[in-house]
Amino acid sequence: MTGHDHQHDSSLSPTELRVKALESLLTEKGLVDPAALDILIETYENKVGPRNGARVVARAWTDPDYKKRLLEDGSSAIAELGYTGRQGEDMVVLENTPSVHNLVVCTLCSCYPWPVLGLPPVWYKAAPYRSRAVIDPRGVMAEFGLVLDDDVEVRVWDSTAELRYLVLPERPAGTDGMSEEALAELVTRDSMIGTGLALQPK
Amino acid sequence: MSALPDLDALPVLPTDKEGPVFKEPWEAQAFAMTVKLYEAGHFTWKEWADYLAAEIAAARDRGEPDTGETYYTYWLTALERIATDKGLTTAADLSDRKDAWDRAAKATPHGEPILLDRIARGADGA
């Protein structure tokens, strides 16, 4: 199940505290609505992250040497494409195979591979996903429409501030000869979290 | 709702052709609050641009390198100032609330949601 425990507290940076103070005060006065903020952010950040991760995945699908480097040292291989974290966190890439499916969760929203996936989706930050992904990963995936065969082993990985995971989804069948750019279009954010699969080519 | 704000009115918003780019969630939160307060008519986008530009100018005067790393820090300071000046909140409330969140966060084991009333209920959250 989860890779390890992490028991440190949830200290926020001074800047994060300022933002939370402002947001909670404005929310109490009815001046902002947290749900509306999330919608706005999603609108703005749609392009930010997941496309970076999709390019990493597409490169790994088309370049066996790159894939090898990616699985051996995720941070360095991802940095080759120009995506680096600000906090020195290590990136670990988890390869899905016909027999193993990886699912990434974090119990705190800060533990997410921003450089490759952008901001976490709302559901990733929500308590139901955080708690249930560990207890009942198949049930959670089913809610995303992802049902795996019983003989596929599901591995759940719990991210930390120091260690972020990216799932390398399986390359869909019928994509031989497709360009790296076209392949990247098949890579969804959810497929890199493990709540989905890469899209089938049209 | 009104049209999106004229982002071109701002000095050096870190964008690419597809829109603003955030490195951390708090940056997006600060950005989104600003847009929402603007949309609700609490200030004009020009007023906001003036506040933000003033923070950036002040940082430059302090000799800070003007990099994307610090951009949203200036943004946040400008947002606190304009919200205070417009009477949406007060500096004292912001300071008190920041301390409250700090205590709550430190009392929260990693993995549990940080709640302000955790302090009132005791650090074990029971």
*Does any residue of segment A:170-186 turn out to be surrounded by 13 or more Cβ atoms within 10 Å (Cβ to Cβ) and within 17 Å of A:MET91 (Cα to Cα)?*
no
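Going through segment B:39-79 one residue at a time, which ones are part of a helix (DSSP H, G or I) and in contact with a Lys or Arg (Cβ under 7 Å, 6 or more places away or on another chain)?
Within segment B:39-79, B:TYR51, B:LEU76 qualify.
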*Of all residues in segment B:25-55, which are at the interface with chain A (Cβ under 7 Å from one of its Cβ atoms), without any contact (Cβ under 8 Å) to a residue 40 or more places away in the chain and closer than 17 Å to B:TYR74 by Cβ?*
B:ALA28, B:GLN29, B:ALA32, B:VAL35
_Residue list for segment A:165-196, restricted to those being over 15 Å from the mean Cα position of the chain (by Cα) and not acidic (Asp, Glu)_ = A:ARG171, A:PRO172, A:ALA173, A:GLY174, A:THR175, A:GLY177, A:MET178, A:SER179, A:ALA182, A:LEU183, A:ALA184, A:LEU186
*Going by the conditions given, is B:ALA91 at pLDDT below 95 and either over 12 Å from the mean Cα position of the chain (by Cα) or surrounded by fewer than 16 Cβ atoms within 10 Å (Cβ to Cβ) (or both)?*
no
_Just to be sure before I move on: is B:ALA83 within 7 Å of another protein chain (Cβ to nearest Cβ) and modelled with pLDDT of 95 or more in the structure I sent?_
yes
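The values are calculated or read from the model by the stated rules, or taken from the named source; none is laboratory data. Everything quoted here is computed from the prediction, not taken from an experiment. Please note: Cβ atoms are built from the backbone with ideal geometry, for glycine as well, and neighbour counts cover all protein chains shown.
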